[in-house]
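Since the structure comes first, as structure tokens, the remarks are kept for the end.
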Amino acid sequence: MKTIRLDRVLITIVMGAVGILFVMPFLWMISASLKPELDVLAYPIQWIPKTWHAVENYKEVWAGEVTFSLYYWNTIVVTVLTTALSLLLSCMAAYGFAKVKFKGREVLFLLVLTTFMIPTQATLVPQFIIMRWMQLFDTHLSLILLGSSGVIGTFLLRQFFMGINNEVLESARIDGANHWTTFSRIATPLVAPGLATAMILRFVFTWNDYQNPLIFLRSDRLFTLQLGMKKFADFNGEFYSLIMAASVSAILPLLIIFIFGQKYVIEGVASGSVKG
Amino acid sequence: MSQAVEKRTRKQSYYDAWAGYLFTAPMVILTLVLTAIPIVLSGIVSFTDWNFIAGLNTIRFVGFDNYANLFRDDDFLHSMRNNFTLLAIVPVSMFISLVLAAIINKAAYFKSFFKVIYFMPFISSFVAVAILWRVLFHPSSGPINGFLMSIGIEHPPMWLADPSYSLISVMIIMLWANLGFDMIIYMAGLQNIPNDLYEAADIDGASSIRKFFSVTLPLLSPTTFFLLITGIVGSFRAFDLIMVLTGGGPAGSTDVMVFELYQNAFVNLKSGYASAIGIMLLFIILAITLIQWVGQKKWVNY
């Protein structure tokens, strides 16, 4: 049983105050999304709305003139498919690079590793041409493929697979399991924390991506949330209460995922990068 | 007997090779098609004068002209200077987050609560963050200037709307958005430091400050190195935030290299010139990484 120490309590309180100052912009955002437009910029700030306008604001965002709910749905589709494909591909590749011996393994891994250094913007023009050539320009599939080509998941999972004792896998092989069974039944369950980390990171990156949808989508009906948010902000100009309601809607799913998954993210980032 | 074993091993390694290629092929092909080949193409296009909408037959090779023009292009040079100014955020963010991480890790309750709080801006979309700060920094009616005026500052800065304050405003926002990442990585690093080192220091009668400089800091050096590299690379890549926040303005005061690249590629349709910017960017990032890689031996302890 730990005893509660006074100095720790004091430090916690001070740090808590610093923390609240730090998230004040978010508190302002939530508060602004709940009140009528006229009160948003009133000073002193009404942290708790005097007049509530939450239902009207969120209704206007979700069922108003800009098809926000469509953008939201598009983002869910793109994010879920990207995350699933990215996890499958990087998990397979990571297993191959970590646990299968084959000629050219180091060269192929080095190739994948170096693409990590290339700034995404430097490849935009050729990617654009390739996407048009493959008839994938202005489709969700282009975003899904681009998102899945990220290699962070492969590094991270390779690190985790390397941590598995070879004997565990070899005994399965002696029992007659082929590589696919060993991979899917034995190795992958053992790297569950790594999978959770890779999943959360890819989910957050894809959900928040603005650059790729901006370049590879043209049709309004395919727009993702981030493009929609920008459009919504331009369309509603000075209606900050509505814009803030849209922002809260866009951030909320990620916040929930992060609160539940933060243990894995930290664990994964720590083992993937810090230990080297 | 031994022949049979040998045959089996050979069959096994043949089978392994196939399995290896099949497992890695999808990812390798994807990175080849979407990253490796594009960067090579970018390199080729950077030696041409070309508008990619117009088709391949209009392509014209111009040698190093695009690169030579880059160094005469005031907008580009200005954006490059801005990029180097933005680098200042990296050490500041690392310093603040290390102090916060050390205090929270050592002496606070509810660690997960703090992790979530500081990580929040990092998981929020840059579009939402940019829109939010545009309102907060609003020159006449934003809450920040409202506060400054209420404490007696009559003419607070116009922030994003004033060319002489806009870059520093962007830097404040970037610092706020990135701090959580640095902090979480430092916390992970701190948790990996074995406790007996501190106990040994206690026996030697070391003060807390002494312990921080002689135990914590050296053992965190791999983490610091990692954060320095990712921070610098990340700051060169920053696009979304600036695009929504200021669009490079006012008067080009927040222009950065990736923004110049985007403008030339997709607005002015100068593919060759844009590719040259991309390749320059790649070389700058590679050079910085290389310098750090060589330099790390001097100060990183494993």
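The values are calculated or read from the model by the stated rules, or taken from the named source; none is laboratory data. Remember, it's a predicted structure, so these values are computed and weren't measured experimentally. So basically every Cβ, Gly included, is an ideal-geometry build from the backbone, and we count neighbours across all protein chains shown. To get the accessible areas, we keep the full protein, side chains included, count just its heavy atoms, and leave off ligands, DNA and RNA. Shrake-Rupley method; radii C 1.70, N 1.55, O 1.52, S 1.80 Å.
Free of any chymotrypsin sites (Phe, Trp or Tyr not before Pro) that DSSP assigns to a loop and that have at most 13 other C-beta atoms within 10 Å, the longest stretch within chain A is A:53-276.
Sorting check: for B:153-164, B:135-146, which peptide has the highest mean count of neighbouring beta carbons within 10 Å, and how do the rest follow? Mind dumping the intermediate values first?
Values: B:153-164: 15.3, B:135-146: 18.8.
My ranking of the peptides, most packed first, is B:135-146, B:153-164.
Stretching A:Phe137 away from A:Tyr43 to a fully extended chain increases their span by 29.1 nm, per 0.36 nm per residue minus the current alpha-carbon distance. Label point of B:Leu217 set 7 angstrom out along Cα-Cβ; within the stretch B:91-109, amide nitrogens under 17 Å from it belong to B:91-103.
Considering helices alone, the calculated mean residue ellipticity of chain A at 222 nm is -22000 deg cm²/dmol, with DSSP H runs of length four and up weighted by -39500 (n - 2.57) and normalised per residue. Build a GNM of chain A with springs between Cα atoms under 10 Å apart, and of A:Ser184, A:Ser31, A:Ser148 the one that fluctuates most is A:Ser184. Site-free segments of chain A were taken between trypsin sites (Lys or Arg not before Pro) in DSSP loops having at most 16 other Cβ atoms within 10 Å, sites themselves excluded; the longest one is A:104-217.
Residue by residue, the stretch B:22-31 carries 3J(HN,Hα) couplings of 5, 5, 8, 4, x, 5, 5, 4, 4, 5 Hz when phi is fed to the Karplus relation 6.51 cos²θ - 1.76 cosθ + 1.60 (θ = phi - 60°); x denotes Gly or Pro.
What are the membrane-span-like helices in chain A by this rule: whole DSSP H runs, Cα extent along the axis at least 27 Å, mean Kyte-Doolittle hydropathy at least 0.5?
Numbers: long enough: A:6-33 (38 Å, 1.83); A:68-99 (45 Å, 1.23); A:240-269 (38 Å, 1.65).
Flagged H segments are A:6-33, A:68-99, A:240-269.
Between A:Val204, A:Val78, A:Val168, the residue with the greatest mean-square fluctuation in the GNM of chain A (Cα pairs under 10 Å linked by springs) is A:Val168. For the pair A:Ala17 and A:Leu255, label points projected 7 Å from Cα toward Cβ lie 2.4 nm apart.
In Å², rounded to the nearest 100, what is the total accessible surface buried by chains A and B against each other with a 1.4 Å probe? Could you put the intermediate results ahead of the total?
On the way: alone 16990 and 18530 Å², together 27310 Å².
Summing both sides, the interface buries roughly 8200 Å².
What separates the Cα centres of the stretch A:162-197 and the stretch B:181-201 is a distance of 31 Å.
Mind checking the mean number of beta-carbon atoms from other chains within 10 Å of the Cβ atoms in B:228-234? Rounded to a whole number, the mean comes out at 1.
Return the FRET efficiency for the residue pair B:Ile291, B:Gln12: r is the Cβ-Cβ distance, R0 is 51 Å, and the value is rounded to the nearest 0.05. Before the final figure, lay out each step's value.
Details: r = 45 Å, r/R0 = 0.89.
The value I calculate is 0.65.
Across peptide A:15-25, the average count of Cβ atoms from other chains found within 10 Å of a residue's Cβ is 6. Round to a whole angstrom and tell me the spacing of the C-alpha centers of the stretch B:98-163 and the stretch B:33-68. If you average the Cα positions of each part, the centres end up 42 Å apart. Above 28 Å, the calculated P(r) of the stretch A:65-274 contains 38 percent of its Cα-Cα pairs. What the Cβ-Cβ distance of B:Ile193 and B:Arg81 gives, at R0 = 51 Å and to the nearest 0.05, is a FRET efficiency of 0.85.
Per-residue mean of other chain beta-carbon atoms within 10 angstrom of the beta-carbon, peptide A:93-103?
Numbers: counts 8, 3, 4, 10, 5, 1, 4, 10, 6, 12, 5.
That average works out to 6.
Taking chain B as a Gaussian network of alpha-carbon nodes connected by springs under 10 Å, the highest mean-square fluctuation of the residues B:Ser124, B:Ser150, B:Ser46 belongs to B:Ser150.
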